[in-house]
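The values are calculated or read from the model by the stated rules, or taken from the named source; none is laboratory data. These numbers were taken from a predicted model, which means no experiment stands behind them. Note: ideal-geometry Cβ built from the backbone for every residue, glycine included; neighbour counts use all protein chains shown. Just the protein is used for accessible areas: all its heavy atoms, side chains included, with ligands, DNA and RNA removed. Shrake-Rupley method; radii C 1.70, N 1.55, O 1.52, S 1.80 Å.
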Amino acid sequence: MKLLSRFVFAASFSLVSLLAINACKKPTDDINLIVNTSTLSKAPTLLQFVNANPTSNTAIPASFAVTISGANAALVQVDGGGTNFTATNGILPLSLTKSANPSIANPLTYHIYVNVPGFMPVSKTIVVTSNAASAPVIPLVEYASPANGTATVVQQSTVSAGTSSAVSINTSANTSTTEASNVSIPSGTQLLDANGSLINSSQLKSSVVFFGTGNTSSYNALPGGLNPSNAIGPNGQALPAGTSFVTAGLLSINMVAGSTAVKGFSKPVTLTMEINSNLVNPQTKQQVAAGDAIPIWSLNEQTGQWKYETTANVIRKGNKLAVTFPITHLSSWSADWYGASCSSTLTVNMHTAQQLNGDFLVSLTTANEQPVSSAAVSQLKEGVQAVLSDIPADAGDLKVVVYARNGNSLTKLGETPTFGACGKGSVEVTLATQPTVNYIKTMVNVVAKCSNQQVVAYPSTWLVLKNTTTGESTNVYMTDGVATTNLVDGNSYSITTTYAGKTYNSSAFKLDKSAVVAIPAVNGLSGTTRYDAVSNTVVVDATFVLTDCK
């Protein structure tokens, strides 16, 4: 669909009426067709791809493709229309088409897959239950500088015509991961492609990431997440909605022979993952011990489907605990207990003496702070509530933790003691006082003008307001060209928006009540600011130009 074509169709009745009245006249050149776009999409979702290690100096590539698949993929579009699923500067604004009707009783799902050079492939399933805006953060694990709680290895091996000699690939314990892992390929193993054919190559490149437990950064970056929406259980049947995992560890393994992805082996390859001895087994409610049984699952990253493969018993490995099991195909492999959810929800009442604006995460976690249910909020103040669902029925005592989130960096603001979550109904959490920030109400008005037609659109899409003073960002959804938020008075900001598959952004400007400030364009978005003393609001008037509105 060409840019804005459906907007013109949506306004066709008014336009036809105008032409009928003036059938013998040339339309006046200064008449614009004005289009509001909010009725053309539902459930706006801003995908934010970040480096899973917030201290890494490696930037996310400026542009990369995102694959959208799954049951309701046909309903997914970029804001402004179309299916150019390309993330720009780490963001991709999506929405559902106007025919979609998501609800709790009728959730709509689609799957995201990206494979960025230098980073582990990432897989995430989006479940939409309402038309509310959301902004999920998707961490990408860098092989050269991995996130806390993970360990990586990239290893080159020589093979003979696609047949491997004995190869051992190890990740080591480090300051944030107390466990190690091993991939053991036996001698004489043939490397197979997706069709099961031998890959005739002399080189094998193996990229492995081990995800330990007990670290929030590791949990946030875990492939596939901990709330599977389409998992296949031990009996070959789909697990019920609301199933959750409690993980004992995960291995992401990607191999390339020559230039062909390895997908299988002619002989079983053995995986070994050490287990954190402080981990609580949700079935026994005790610390994990030798002899405990843990289900083993594989993840198809491109479809997001988990599949039960076998059950492994925990063994003693020196002074460590571990699980070991054979595999014959490649994917992510995880040792996860699983269980159904109880029917109740949990209301989290937050108490604080101040108002905070930003990106916050309210999580129901295990005692080891492994999240089992989470909700994002953009403002914290006295009486703010978050409602958590899909509460696991048999994960033991849980607790609520509230975090401030900046990319994949989480700062704990408050937590509760552990409690039995099913049937609890509600819980109170008091937040620690944070440094005072002087916010000011800010209204952003945006107009999209066409360069080749007299069409003016008031776009409904996401704005990313980056505080260039602190480096933090505020994401706000704009409806029919208007967005309101609270920004830090006196700090400098830049504006970025992606519309119909193209990104527009401004240079940095100061949020200043004392003067009118010009906003120069960097990539097509410009404007001015002004201060309205009556409402104590800084008003930003911005414009970007659509080059082709046919």
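Some notes on this structure:
- Cross-chain or 6+ apart pairs with Cβ under 8 Å, region 399-415 first and aromatic (Phe, Trp, Tyr), then at pLDDT below 90 and not in a strand (DSSP E or B): 403/216
- Sole residue being in contact with a Leu (Cβ under 8 Å, 6 or more places away or on another chain) and touching a residue at least 24 places away in the same chain (Cβ under 8 Å), chosen from 132, 147, 100, 73: 100
- Restricting 488, 516, 482 to those that are of a type in the set (Val, Ile, Thr), surrounded by fewer than 19 Cβ atoms within 10 Å (Cβ to Cβ), over 27 Å from residue 63 (Cβ atoms) and under 29 Å from the mean Cα position of the chain (by Cα) reduces the list to 482.
- Selection within region 402-431 - closer than 26 Å to residue 147 by Cβ, polar (S, T, N, Q) and part of a strand (DSSP E or B): 406, 409, 411
- Residue within region 381-390 that is within 22 Å of residue 148 (Cα to Cα) and modelled with pLDDT of 90 or more present: no
- Some residue of region 207-229 being more than 30 Å from residue 343 (Cβ to Cβ), open to solvent by less than 10 Å² (accessible area, probe 1.4 Å) and touching a helix residue (DSSP H, G or I) at 6+ places or on another chain (Cβ under 9 Å): yes
- For region 325-353, a residue qualifies if it is in a strand (DSSP E or B) and either open to solvent by less than 20 Å² (accessible area, probe 1.4 Å) or on the phi > 0 side of the Ramachandran plot (or both), and the qualifying residues are 325, 327, 332, 333, 334, 335, 336, 337, 339, 346, 348, 350.
- The criterion of being closer than 24 Å to residue 475 by Cα and open to solvent by 30 Å² or more (accessible area, probe 1.4 Å) holds for residue 133.
- Output for region 527-544, where each listed residue is small (Gly, Ala, Ser) and surrounded by fewer than 20 Cβ atoms within 10 Å (Cβ to Cβ): 533, 535
- Residue 199 meets each of the listed conditions (1) under 25 Å from residue 114 (Cβ atoms); (2) open to solvent by 50 Å² or more (accessible area, probe 1.4 Å) apart from (2).
- Matching residues, region 419-436, being open to solvent by less than 60 Å² (accessible area, probe 1.4 Å), farther than 13 Å from residue 399 by Cα and of a type in the set (S, T, N, Q): 434
- Sole exception among (1) part of a strand (DSSP E or B); (2) free of Cβ contacts under 8 Å to residues at least 40 places away in the same chain for residue 484, by number: (2)
- Failed condition for residue 376, given (1) touching a residue at least 60 places away in the same chain (Cβ under 8 Å); (2) of a type in the set (Gly, Ala, Ser); (3) on the phi > 0 side of the Ramachandran plot; (4) open to solvent by 40 Å² or more (accessible area, probe 1.4 Å): (3)
- Of the strands (runs of 3 or more DSSP E) lying entirely inside region 261-324, those containing at least 1 residues that are among the small types (Gly, Ala, Ser) and open to solvent by less than 50 Å² (accessible area, probe 1.4 Å) are 264-275, 293-300, 305-313.
- Qualifying residues in region 51-67 (those that are assigned to a strand (DSSP E or B) and surrounded by fewer than 22 Cβ atoms within 10 Å (Cβ to Cβ)) - the one modelled with the lowest pLDDT: 63
- Looking only at residues of region 362-379 that are of a type outside the set (Val, Ile, Thr) and modelled with pLDDT of 90 or more, we find that the one that is farthest from the chain's Cα centre (by Cα) is 364.
- For region 68-85, taking the residues that are part of a loop (DSSP other than H, G, I, E, B) and closer than 25 Å to residue 476 by Cβ, the one that is most open to solvent (accessible area, probe 1.4 Å) is identified as 83.
- When residue 56 is tested against (1) of a type in the set (Ser, Thr, Tyr); (2) closer than 27 Å to residue 362 by Cα; (3) touching a Phe, Trp or Tyr at 6+ places or on another chain (Cβ under 7 Å), just one condition goes unmet, and that condition is (3).
- Among the candidates 264, 233, the residue that is in contact (Cβ under 8 Å) with a residue 24 or more places away in the chain, of a type in the set (Gly, Ala, Ser) and closer than 27 Å to residue 108 by Cβ is uniquely 233.
- Test: residue in region 86-99 that is of a type in the set (A, V, I, L, M, F, W, C) and outside any strand (DSSP E or B): no
- So residue 448, is it within 30 Å of residue 505 (Cβ to Cβ) and touching a helix residue (DSSP H, G or I) at 6+ places or on another chain (Cβ under 8 Å): no
- Residue within region 391-399 that is open to solvent by 30 Å² or more (accessible area, probe 1.4 Å), modelled with pLDDT of 90 or more and in contact with a strand residue (DSSP E or B) (Cβ under 7 Å, 6 or more places away or on another chain) present: no
- Residue in region 179-201 that is modelled with pLDDT under 90, touching an Asp or Glu at 6+ places or on another chain (Cβ under 8 Å) and not β-branched (Val, Ile, Thr) present: no
- Single residue of 532, 512, 548, 541 found to be over 24 Å from residue 47 (Cβ atoms) and at pLDDT 95 or above: 541
- The set of residues in region 438-455 being assigned to a loop (DSSP other than H, G, I, E, B) and either under 30 Å from residue 392 (Cα atoms) or in contact with a strand residue (DSSP E or B) (Cβ under 6 Å, 6 or more places away or on another chain) (or both) consists of 451 alone.
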